[in-house]
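J.: Below: one structure in structure tokens.
The values are calculated or read from the model by the stated rules, or taken from the named source; none is laboratory data. Bear in mind the structure is a predicted one, so any value in this text is a computation, not a measurement. In this analysis, Cβ positions are derived from the backbone assuming ideal geometry, glycine residues included, and neighbour counts consider all displayed protein chains. These area figures cover heavy atoms from the full protein model, side chains too; ligands, DNA and RNA do not enter into them. Shrake-Rupley method; radii C 1.70, N 1.55, O 1.52, S 1.80 Å.
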Amino acid sequence: MKNWIEYNPDMNVVKKIMSGLSVTQLTATVLASKGYSTPEEVIANLKVSGLSDPFLIKDMERAVDAINSAFYNGDRICIYGDYDCDGIMSTVIMYSYLSAIGADVIYYIPERSEGYGLNTGAIDTINERGAKLILTVDNGISAVSEAEYIYSLGMKLVITDHHQQGEILPRAEAVVDPHRNDCKSPFKYMCGAGIALKLVSALEGGDYTFAMEQFADFATIATVADIVSLTGENRFLVSRGMKLIDNTDRPSIMALKEVCKIEKAIDTSSISFRIAPRINASGRFGSPKTAMELFLSEDYEEALSIARELDAMNEERKSAETAITNDIYRMIDENPDIIRERVIFICGKDWHHGVIGIVASRIEERFGKPCFIASENDGEIRGSARAFGEFSVFGALTYASETLEKFGGHLGAGGFTIKQGMKEEFHALIEKYALENHKSMPLFTVKTDAVLSPNMISIDTVNELAMLAPYGYENEIPKFLIENALVSEVVSLSEGKHSKLCIEAGGCRMEAMAFFKTSEELMVKKGDTCKMIVTLGINDFRGNKHVSLIINDVRPQKFEQEKYFNARNVFEAFLRGEKLPAQYYKRMLPTRDETVWIYKCITDNGISSDTLYMKLYMKYCPLLNYCKFSVAVEALRQLGLVNVSFSDMIIKRVKISGKADLNSAPILISLKEKIN
């Protein structure tokens, strides 16, 4: 279950935005919720009309001089990229441009097995191929020793990157990175391909015409895929690039759209979940050179063949993700203590490193906890971590650094390699870090942008909100809270795969879709009064347009989430053996009647834990707190009366003969000892 945070607007700010931009109160409230306080801020971040002068980026002029010098001298230039989508698109942009102007240019993209960034083996290969200048894209800012090695071989280096700089800048003819401490450029958040596009513009004398016409589509794909801020200049770039993708005659993109089954106008969601994964799959389950060949192809049939190859790699990627996720679920079902820790740490055997980070994100969201996933391959344990809120992955890895060969990352994500024989010590240290820094662990949170009254909903309203698109990181699609909605009907769709709620709110009747949610998983039934978080869209069926409500989450109107999360935290703390205030133990102990009552509500076919609790909560609130409920379910499980699948929290009744002594459940014995 997720924590909901309702935005309470400052009406003075809302009115200022309304009058300054001539928008409705709903749109102004959404803009205020995203942190804008004046119309000028909105215009600066959402209504950008162009890209800033590329020469405002530190060292851009020096980079142009170095590249032009190599070009005029007939020196071979090597574009050095990266194996992810951004790195590949950056390489395509610079290689295509330099080839088009007649430069002697080659490219090198390291395989995933070589690791990220410059490495000496690759540098030797490039040197043997006769390159005199290495131009990095989407990497290089931290390659201090590798830069010295390049110069020791008589080559030169130009770095273009968008990652944070370290204490020392590498030796180079130019280091082009908006995140340099001494860079005064106005926009800092372009991805590697965006910087490459700006470099092309600089090589064109600062004119963006050619760069945008030829490469905005590639830079757009990379911008969305690399999850950089979709504010400021990135919005201008992505808006232009999506139009190019929609009207493309480029064989590579036509072929990708074909295998991705994209028939409607492109949006950031199509790029994120269809196009980008297939490009990334080449670096995970094949070679990034395959993706390069696709984007350099000028023949549609050839491009389609390569796109189908990437599609097959993506299917392999999805299979690997599913296999690893299923392994993790099995491990959790066998040992539920894994998800009762403050931090989830799981180490498998021979899992594919190319998808570990994706799996970590999935587990993090499913269980609402920071997640560290590792795999042991050939004696080496490498992993990826994901977190949210104020929990710092980098802080945890730094705290556990004595157990690590190497690590890196930032607040929400990171990678690490554990020293041989120190897996358990690493686990203990990240758990200790969590305990010392977070008395209460951060909650996985959904933030709403505005409370939505039914009389606000219209096609015109939704169309006005479209001014916020394209959506992405730091400009997510608006989420709205609907309260006091009476459920008049729950409809199962697509053989139970999806559901629809018919609701009445504010004197209006509406329908809300819940995709990939069964009617049982919705936790509300006919006759309930609920609240829900929704997104808005326009459904156009045979020319008949109407507003569509898509359910993000739903729960009973009277549900008190703070009590729920506090009780859940107390239950897990008890299971971990943490000391609790003495008065807590008595409140946690269910009576025999309460435990029997819970047992009778569990079905043979199974019911989710949260759905069961909501059902009881609606009927008996506030007599049963969630902590007492969880203790009762655990007691029933320990006695073999129910089976709990902890990976999806489905509880099923077990058929038994004879009676069970509730007092013999270990968790109840332990609680009574604390009370006495």
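J.: Over what distance in Å are the Cα centres of region 1-70 and region 395-423 separated?
T.: Spelled out, the Cα-based centre of one part sits 35 Å from the other.
J.: Hey, if you put +1 on the Cβ of every Lys and Arg and -1 on every Asp and Glu Cβ in the chain, which of 109, 375, 208 ends up farthest toward the positive end of that dipole?
T.: Comparing the listed Cα positions along the dipole, 375 ranks first.
J.: Long-range amide H contacts for residue 380: which residues qualify at under 5 Å (H placed 1.01 Å from N, peptide plane, sequence gap of 5 or more or a different chain)?
T.: Residues meeting the criterion, in which the H sits 1.01 Å from N, do not exist here.
J.: Which shape class applies to region 430-524: rounded if a/c is under 1.5, otherwise prolate when a/b exceeds b/c and oblate if not, where a ≥ b ≥ c are the square roots of the Cα gyration tensor eigenvalues? Mind showing how you got there, number by number?
T.: Values: a/c = 2.12, a/b = 1.41, b/c = 1.50.
The shape class here is oblate.
J.: Just subtract the alpha-carbon distance of residue 511 and residue 40 from 0.36 nm times their residue separation and send over the number in nm, one decimal.
T.: 165.9 nm is the gain from fully extending residue 511 to residue 40.
J.: Additional query: Scan around residue 405 for amide H atoms under 5 Å from its own, H built in the peptide plane at 1.01 Å from N, and keep only partners 5 or more places away or cross-chain.
T.: It is 417, 418, 419, by chain and number.
J.: Tell me, what ³J(HN,Hα) does each residue in region 305-318 have, in order and in whole Hz, if you take phi through Karplus 6.51 cos²θ - 1.76 cosθ + 1.60 with θ = phi - 60° and put x for Gly and Pro?
T.: Residue by residue, region 305-318 yields 4, 5, 4, 5, 5, 5, 4, 5, 4, 5, 5, 5, 4, 5 Hz.
J.: Mind running the shape call on region 26-83? Use the C-alpha gyration tensor, a ≥ b ≥ c as the square roots of the eigenvalues: rounded below 1.5 for a/c, prolate if a/b tops b/c, oblate otherwise. Working shown, then result.
T.: Details: a/c = 5.14, a/b = 3.01, b/c = 1.71.
Prolate, since a/c reaches 1.5 and a/b exceeds b/c.
J.: OK, next. Antiparallel as a % of all DSSP beta bridges within the chain, to the nearest 5? Could the numbers behind the result be given before it?
T.: Working: 56 of 85 bridges.
Rounded to the nearest five, the antiparallel share is 65 percent.
J.: Continuing with this model, one more query. Can you tell me the order of 333-343, 591-601 when each peptide is scored by its average per-residue count of other Cβ atoms within 10 angstrom, highest first? Don't skip to the end; give the middle numbers.
T.: Details: 333-343: 16.6, 591-601: 14.8.
In decreasing order of mean packing, 333-343, 591-601 become 333-343, 591-601.
J.: With a ≥ b ≥ c the root eigenvalues of the C-alpha gyration tensor of region 1-127, is it rounded (a/c under 1.5), prolate (a/b larger than b/c) or oblate? Can you show the working numbers first?
T.: Details: a/c = 4.25, a/b = 2.17, b/c = 1.96.
In terms of gyration-tensor shape, prolate.
J.: When only alpha-carbon atoms count, how far does region 356-502 stretch along each of its three principal axes, as whole angstroms with the largest first?
T.: 61, 36, 31
J.: Another question, if that's okay. Using only alpha carbon pairs under 8 Å that are at least six residues apart, calculate the relative contact order of the chain and give it in whole percent. Display every interim value, and only then the final one.
T.: Details: 1250 pairs, mean separation 66.6, N = 676.
Relative CO of the chain lands at 10 percent.
J.: A further question follows. If you put +1 on each Lys and Arg Cβ and -1 on each Asp and Glu Cβ, how big is the dipole of region 1-109 around its Cα centre, in Debye rounded to 20? Could the numbers behind the result be given before it?
T.: Numbers: 8 positive and 13 negative charges, 104 e Å.
Dipole size: approximately 500 debye.
J.: For residue 472, enumerate residues with amide H under 5 Å from its amide H, sequence gap 5+ or separate chain, H modeled in the peptide plane.
T.: Residues meeting the amide H criterion: 477.
J.: Let me ask another. Can you tell me the convex hull volume per residue for region 264-350, based on C-alpha atoms, in Å³ to the nearest whole number?
T.: Working: hull volume 11.9 nm³, N = 87.
Cα convex hull per residue, to the nearest whole number: 137 Å³.
J.: For labels at residue 22 and residue 53 in the simple 7 Å Cα→Cβ model, what's the distance in nm?
T.: 3.3 nm
J.: In whole Hz and in residue order, list the ³J(HN,Hα) couplings for region 367-383 that follow from phi through the Karplus curve 6.51 cos²θ - 1.76 cosθ + 1.60, θ = phi - 60°; x for Gly and Pro.
T.: My calculation for region 367-383 gives 9, x, 9, x, 10, 10, 10, 10, 9, 9, 10, 6, x, 9, 10, 10, x Hz in order.
J.: Can you give the angle from 0 to 90° between the axis of helix 209-225 and the longest principal axis of the chain, with both taken from C-alpha atoms, to the nearest 10?
T.: The helix 209-225 is inclined about 30 degrees to the chain.
J.: Okay, helix-only estimate at 222 nm for the chain: each DSSP H run of n ≥ 4 adds -39500 (n - 2.57), divide by all residues, round to 500 deg cm²/dmol; what do you get?
T.: -13500 deg cm²/dmol
J.: Something else: Each residue of region 455-464 in turn: what ³J(HN,Hα) in whole Hz from Karplus with 6.51, -1.76, 1.60 and θ = phi - 60°, glycine and Pro shown as x?
T.: The phi angles translate into 6, 7, 7, 7, 4, 4, 4, 5, 5, 5 Hz.
J.: Within 10 Å, count the other beta carbons around each residue, average over each peptide in 18-25, 162-169, and list them highest first.
T.: On the way: 18-25: 15.9, 162-169: 14.2.
Sorting 18-25, 162-169 by mean packing, highest first, produces 18-25, 162-169.
J.: Compute, for region 556-676, the length of the dipole vector about the Cα centre, with Cβ point charges of +1 (Lys, Arg) and -1 (Asp, Glu) only. Units Debye, rounded to 20. Before the final figure, lay out each step's value.
T.: Details: 19 positive and 12 negative charges, 50 e Å.
With Lys and Arg at +1 and Asp and Glu at -1, about 240 debye.
J.: May I pose another question? Computed over the Cα atoms of region 619-676, what is the ratio Rg over Rh, Rh following Kirkwood? Can you show the working numbers first?
T.: Values: Rg = 12.7 Å, Rh = 12.7 Å.
In region 619-676, Rg relative to Rh is 1.00.
J.: Dipole of region 342-433 (Lys/Arg Cβ +1, Asp/Glu Cβ -1, origin at the Cα centre): which of 363, 347, 399 lies farthest to the positive side?
T.: 363
J.: Let me ask another. Which residues does a label at residue 3 reach in region 605-647, if reach means a backbone N under 18 Å from a point 7 Å past the Cα toward the Cβ?
T.: 626-627
J.: Let me ask another. When only alpha-carbon atoms are used, what values of Rg and Dmax, in angstrom, describe region 306-416?
T.: 14.4, 45
J.: Moving on to the next point. Between residue 670 and residue 615, what FRET efficiency follows from the Cβ-Cβ distance if R0 is 30 Å, with the result rounded to 0.05?
T.: Details: r = 27 Å, r/R0 = 0.92.
With R0 = 30 Å, the Cβ-Cβ based efficiency is 0.65.
J.: Still on this structure, please answer the following. Please go through the residue pairs 500/600; 447/526; 517/600; 2/563; 439/579 and name each one whose alpha carbons sit more than 21 Å apart in this structure. Walk me through the numbers before you get to the answer.
T.: Numbers: 500/600 29 Å; 447/526 27 Å; 517/600 25 Å; 2/563 13 Å; 439/579 12 Å.
Beyond 21 Å between Cα atoms: 500/600; 447/526; 517/600.
J.: Moving on to the next point. Just to compare against my own numbers: the Cα pair-distance distribution for region 524-591, 10 Å bins, whole % per bin, please.
T.: For region 524-591, the binned pair fractions read 15, 27, 22, 18, 9, 6, 1 percent.
J.: Can you give me the Rg/Rh ratio for region 213-299, using Cα atoms for both radii and the Kirkwood formula for Rh? Could you put the intermediate results ahead of the total?
T.: Working: Rg = 12.4 Å, Rh = 13.2 Å.
Reported Rg/Rh, Kirkwood definition of Rh: 0.94.
J.: Moving on to the next point. Provide the gained length on full extension for the span residue 289 to residue 335, in nm with one decimal, where the gain is 0.36 nm per separating residue minus the Cα-Cα distance.
T.: Working: separation 46, 0.36 × 46 = 16.56 nm, distance 4.17 nm.
Once the chain is fully extended between residue 289 and residue 335, it gains 12.4 nm.
J.: Rg over Rh of region 147-253, using C-alpha atoms and the Kirkwood radius, what does it come to?
T.: Looking at region 147-253, the ratio lands at 1.02.
J.: What percentage of the solvent-accessible surface of the chain, computed with a 1.4 Å probe over protein heavy atoms, is contributed by carbon and sulfur atoms? Spell out each step's value before the answer.
T.: Details: 14530 of 30760 Å².
Ligands and nucleic acids excluded, carbon and sulfur reach 47 percent.
J.: Which length gain, in nm to one decimal place, applies between residue 623 and residue 544 when the Cα-Cα distance is subtracted from 0.36 nm times their residue separation?
T.: Full-extension gain reported as 23.6 nm.
J.: How high is the relative contact order of region 434-575, in percent, with contacts defined as C-alpha pairs under 8 Å that are six or more residues apart? Write down the numbers at each step before the final one.
T.: Working: 234 pairs, mean separation 29.8, N = 142.
So the answer I get is 21 percent.
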